[in-house]
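For reference, the structure is listed below as structure tokens.
What follows is calculated from the coordinates using simple rules that are stated; it is not laboratory data. The structure displayed is predicted, hence computed values, not measured ones. A quick note on method: Cβ atoms are made from the backbone with ideal geometry, for glycine too, and the neighbour counts reach across all protein chains shown.
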């Protein structure tokens, strides 16, 4: 089952006199499986926040349809089942952290002791209990983010949208937020994560989509997207003799990267096996073979550059 | 309904935090102290005897009511100007990026959000005006030893007039996400347009011919809120315990208020944030 289904969504922003048009999303199709952590990536202005806002009916699509938790977006009562942390959110500055959670808890249909208990639990979860009675205007950026996450979870939502949740948070705080996200996943919640910090997304996301200029340019699991299919790293017990290395290098695209470590580019698994057979026939002791992967960041930059080149042609 | 009450309640808290209440209360207290000092210094008996040489009780009561209205009429107008100024930013602040995203992510409709904020703003002004008008009423009544129980109804008239002008402020707040255009239009209606159209309409009634001009003036007159009549004749009549008189200004102004709020809601429903 999918928690989010987006079909052919387009969004065009027009200026007041309709002179200027900006296509924020162009015929976007996307499905997010329920119970997963889904990372949405893209450079600034790619349309990531616009997509979240359309899903939450904060802004409206020009065309196309979107479903959340099997219901059409637009019905505000659907939001009893959704949590959202906006980018650069603002809490009423005259409220303390606890009072701000109470305000949004009440708007989410909670009240009384149940709400008070939930507030304490969430402040504990985001490590903000000691700042419960401090006015929000005195909070740092990181504290605001933590309170924002607590606010997004106040109604125990099935689906949580987080727009740059680790923005302004220190490394320890980021780790804690990652743990919260992974914990939500174990409770079968769906998390839709929008972040510029690709390493963060890589660490927690099950699936990732990349948007560029309103178009979906890649989607898949992190493993699928980061795999370099035909490049392998070999580690040997000893350094390969120069003469043998010279022969293998020309035959199999072998290159030394440090003492006992080499990389090989092969066409397919048959060629990989042939290489292994050759190495073993020469009595070279293989300690480890690893398929090389790029980081999500490397992959992201290469995909965006590729897309830019195509656009320029 | 619950959501509307929550938003209204937090609008009151916002007003407290933004010192709207303190600002109003400070002005009111200064005025009330001034009024009490003036009354302690002057001999009200000589004023009343000059207004009512015969000493007739009914005429005396009327004279006291006139003094009450003379004091509170300019005060009511000042109250209204201050009320518009102090409440104009509620909607633009709510519509700021980061605020509105959080609110719209909760299970609350845009209509509830609008009504909650609108009623909250009106309630803030109602409380402030009540404090000032009731304070002035108590001081005057104590001084003259006459309690005109009809007088506090003036609070409702001022609040109603404010609510009409506030709907205009809200409309422009939604359109421009700024408090300034709405305030300017509201002040224009209250200080210039409404009194001017009312005056022109009265002048034209005495003239013969000029039917086209009369129709245009009538059209504008019936469309715009009649704030000058509400704060003038109607306020005065009700304060004196007289019948309201012509209800047309009240009804047509109320219709204007409803239409403006409907338009506000329509715009808010369509708006991208």
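Taking other Cβ atoms within 10 Å as a rough exposure proxy, B:180, A:6 sort from fewest to most as B:180, A:6.
Each part reduced to its alpha carbon centroid, the range B:137-166 and the range B:241-261 end up 18 Å apart. Counting only alpha carbon atoms, the long axis of helix A:112-125 and the longest principal axis of chain A meet at about 30°. Each of B:167, A:63 was scored by other Cβ atoms within 10 Å of its Cβ. Arranged with the fewest first, they read A:63, B:167.
The Rg/Rh ratio for the range B:135-181 is 1.31, where Rg is the radius of gyration of the alpha carbons and Rh is the Kirkwood radius.
For the range A:228-293, the Kirkwood radius over C-alpha pairs fed into Stokes-Einstein at 20 °C and 1.002 mPa s yields D = 183 µm² per second.
Between residue A:29 and residue B:58, the FRET efficiency estimated from the beta carbon spacing at R0 = 60 angstrom works out to 0.15.
Rounded to the nearest 0.05, the FRET efficiency derived from the C-beta distance between residue A:270 and residue A:1 at R0 = 35 Å is 0.35. Largest GNM mean-square fluctuation among B:259, B:119, B:207, using chain B with Cα springs under 10 Å: B:207.
Inside 10 Å of the C-beta atoms of A:147-154, what's the mean count of C-beta atoms belonging to other chains? Don't skip to the answer; put the middle values down first.
Working: counts 0, 2, 0, 0, 3, 2, 0, 1.
Whole-number average of other-chain Cβ neighbours for A:147-154 is 1.
With a cut-off of 13 Å on the backbone N, the residues of the range B:68-111 near the modelled label site 7 Å out from residue A:80 along Cα-Cβ are B:107-108. Extending 7 Å from the Cα toward the beta-carbon at both residue B:146 and residue B:29 defines two label points whose distance is 3.2 nm. Considering only A:47, A:64, A:109, the mean-square fluctuation computed in a Gaussian network model of chain A, springs between alpha carbons under 10 angstrom, is largest for A:109. Sorting B:177, A:146, A:114 from the fewest to the most surrounding beta carbons within 10 angstrom yields A:114, B:177, A:146. The residue B:262 and residue A:16 beta-carbon pair, evaluated with R₀ = 22 Å, returns a calculated FRET efficiency of approximately 0.50. The C-alpha atoms of chain B define a longest principal axis, and helix B:194-205 lies at about 60 degrees to it.
Peptides A:247-257, A:87-97 ranked from most to least packed give A:87-97, A:247-257, packing being the mean of other C-beta atoms within 10 angstrom over each peptide's residues. The angle between the Cα long axis of helix B:20-41 and the main principal axis of chain B comes to about 0°, on a 0 to 90 degree scale. Most simply put, the protein assembly as shown has about 70% antiparallel DSSP beta bridges, counting only bridges with both residues inside it.
For chain B, the fraction of C-alpha pairs farther apart than 29 angstrom is 41 percent.
If you find the alpha carbon centre of the range A:159-212 and of the range B:1-74, how far apart are they in angstrom? Going from one Cα centre to the other spans 58 Å. Between residue A:253 and residue B:81, the distance separating the two model label sites (each 7 Å from Cα on the Cα→Cβ line) works out to 8.2 nm. Across peptide B:93-101, the mean count of Cβ atoms from other chains lying within 10 Å of each residue's own Cβ comes to 4. Across chain A, Cα-Cα pairs more than 37 Å apart make up 33 percent of the total. Using only Cα coordinates, the Kirkwood hydrodynamic radius of the range B:1-148 works out to 17.8 Å.
How shielded is A:56-63 by partner chains, expressed as the average number of their Cβ atoms within 10 Å of its Cβ atoms? Write down the numbers at each step before the final one.
Values: counts 5, 4, 9, 5, 5, 1, 0, 0.
What the average comes to for A:56-63 is 4.
Entry for the protein assembly as shown at q = 0.09 Å⁻¹: log10 I(q)/I(0) = -0.85, Debye formula applied to identical alpha-carbon scatterers, no solvent contribution. Placing a pseudo-label 7 Å from each Cα along the Cα-to-Cβ vector at residue B:254 and residue B:271 gives an inter-label distance of 2.8 nm. Across every pair of non-identical alpha carbons in the range B:166-219, the mean reciprocal distance, once inverted, gives a Kirkwood radius of 12.7 Å. In whole Å, what is the distance between the alpha-carbon centres of the range A:1-25 and the range A:48-86? Answer, in whole Å: 13.
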